[in-house]
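The values are calculated or read from the model by the stated rules, or taken from the named source; none is laboratory data. Computed from a predicted model, the values in this text were never measured in an experiment. Cβ atoms come from the backbone with ideal geometry, glycine included; neighbour counts cover every protein chain shown.
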Amino acid sequence: MLKTIDFSKHSSIKIGPLADVLLVDDFSSAKDHFLLGHCNNMLIGPQHPPLMMLGKNFDYIRIENDLLCVGAATPGGKLLSFCKKHDIAHFELLPKLPGSLGGMIKMNAGLKEWEIFNYLHSILTQNGELLKEAIPHGYRWTQFEGIVFEVRFEIHKGFSEAQLEIFKKMRDNQPNMPSAGSCFKNPQGDSAGRLIEAAGLKGHRIGNMAFSEMHANFLVNLGGGTFDEAIALIRLAQEKVYEKFGIWLENEVIVVDERYKGEESPLLMKARTL
Ligand SMILES: Cc1cc2nc3c(=O)[nH]c(=O)nc-3n(C[C@H](O)[C@H](O)[C@H](O)COP(=O)(O)OP(=O)(O)OC[C@H]3O[C@@H](n4cnc5c(N)ncnc54)[C@H](O)[C@@H]3O)c2cc1C
C-alpha cells in the first residue's frame, strides 16, 4: 500500500517533497527502497530514491520470555509510558529522543554515556534474530544488514523519576525549532558545536536555514527553509572547520537525495591524497 506524505510537515526539520511511500505491513512486503523511520534524523531532498516505512503492525510492545519486545515502528514516547507503568529502568531518556525504535537502533541513538544499545538483547530482521554481541556498533553507528522489525531489551526493574528529570535538564540548551537533532557527529575528544562556533558559523544563516544561536550543531529551519539551503550550510561548516582545524565533520543527519553523496568535497578529496 502506498501513502502520500508531505515531508515538509512530517519530518522534524520540516523540509522535503510530497512523496508516495510504500507501507511495509509484513516481512515479505519490503522492497529495495530507502527505509524511513519517523524522520527525526533525516533530510529528504527532491531527488530521493523510492521510499518505504514500517506500518502500524510494527507498533507494539509486549513482554515475552523475560524480554521487552518492541515493534520497530513504535515511538520512543510510547515505550517510555510502558516502562513507567511497568516499573522498568533505563529508558528515562526517551522523551527527549524523538523517533521510532528502528531508527534509534540503526543510529545507536543516545546522549553521553546512555545509548539505546546499552540494554539491548537482540534485534529481529528479515534474516532472523541478531544478538547484540553480533552487531558491530559505536557512537552513532551500527553495522548490520536489513530492516529491523523488532527490538528486544533486557528487563531491569526500577523506573527512575530522578533520572527522567536529569535527562530533561540536559536538553535545556537545545533550540525549540524544527531541526534533525545534531547535524554532525562529535569528533573524538571534541564537540561539533564548539568547532562550528569557533569557525564563526554559530547563528550563520543561508536563506531560511541557520546554525542555531543557541547550539551551533543544530541546523534549524527558521520557516520555509529548503533542502538546498540546508546542504549549503552543511558544506560550508565542513569546509570552514576543515580549513581551520583539519577536522572533517561527519554528518549525523542522514541526507536522502541522489545528488548529495555526503562526504564528497573537493577539499576532502585533496586532503586524502596528501
Ligand atoms: C530535537 C531533536 C533532538 C534529538 N536529540 C538526539 C540525541 O540527543 N541523541 C541522538 O542520538 N539523536 C537525537 N536526535 C535524532 C533522532 O532522535 C534519532 O536519530 C532517532 O533515532 C531517529 O529515529 P527515527 O525513527 O526518526 O529515524 P529516521 O530519522 O527516520 O531514520 C534514521 C536512520 O535509521 C534507519 N532506520 C529507520 N528505521 C529503521 C528500521 N526499522 N530498520 C533499519 N533501519 C532503520 C533509516 O534508514 C535512517 O538511516 C534528535 C532529533 C531531534 C529532532
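Values as computed for the structure displayed
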| item | result |
| --- | --- |
| Count of the stretch 222-233 residues which are within 16 Å of the ligand (Cβ to nearest atom) and surrounded by fewer than 23 Cβ atoms within 10 Å (Cβ to Cβ) | 1 |
| Hits in the stretch 182-210 - residues which are assigned to a helix (DSSP H, G or I) and surrounded by fewer than 20 Cβ atoms within 10 Å (Cβ to Cβ) | Arg194, Glu197, Ala198 |
| Unique residue being without any contact (Cβ under 8 Å) to a residue 24 or more places away in the chain and part of a strand (DSSP E or B) when the list is Glu129, Glu145 | Glu129 |
| Qualifying residue in the stretch 26-34 (condition: more than 13 Å from the ligand (Cβ to nearest atom), under 22 Å from Asp228 (Cα atoms) and of a type in the set (Asp, Glu)) | no |
| Residue among Ile123, Ile135, Ile155 that alone is in contact with a strand residue (DSSP E or B) (Cβ under 9 Å, 6 or more places away or on another chain) and in contact (Cβ under 8 Å) with a residue 60 or more places away in the chain | Ile155 |
| Test result for Leu219, at pLDDT 95 or above and part of a strand (DSSP E or B) | yes |
| All strands (runs of 3 or more DSSP E) inside the stretch 35-111 with 1 or more residues being surrounded by 20 or more Cβ atoms within 10 Å (Cβ to Cβ) and away from the ligand (no atom under 13 Å from the Cβ) | 67-71 |
| Residue check for Gln163: touching an Asp or Glu at 6+ places or on another chain (Cβ under 7 Å) and more than 15 Å from Gly76 (Cα to Cα) | yes |
| Qualifying positions in the stretch 229-255 - under 27 Å from Leu18 (Cα atoms) and in contact with a strand residue (DSSP E or B) (Cβ under 9 Å, 6 or more places away or on another chain) | Glu229, Ala230, Ile231, Ala232, Leu233, Ile234, Asn251, Glu252, Val253, Ile254, Val255 |
| Some residue of the stretch 7-28 being in a loop (DSSP other than H, G, I, E, B), of a type outside the set (Gly, Ala, Ser) and buried (at least 22 other Cβ atoms within 10 Å of the Cβ) | yes |
| Residue within the stretch 162-172 that is more than 14 Å from the ligand (Cβ to nearest atom) and under 24 Å from Ile247 (Cα atoms) present | no |
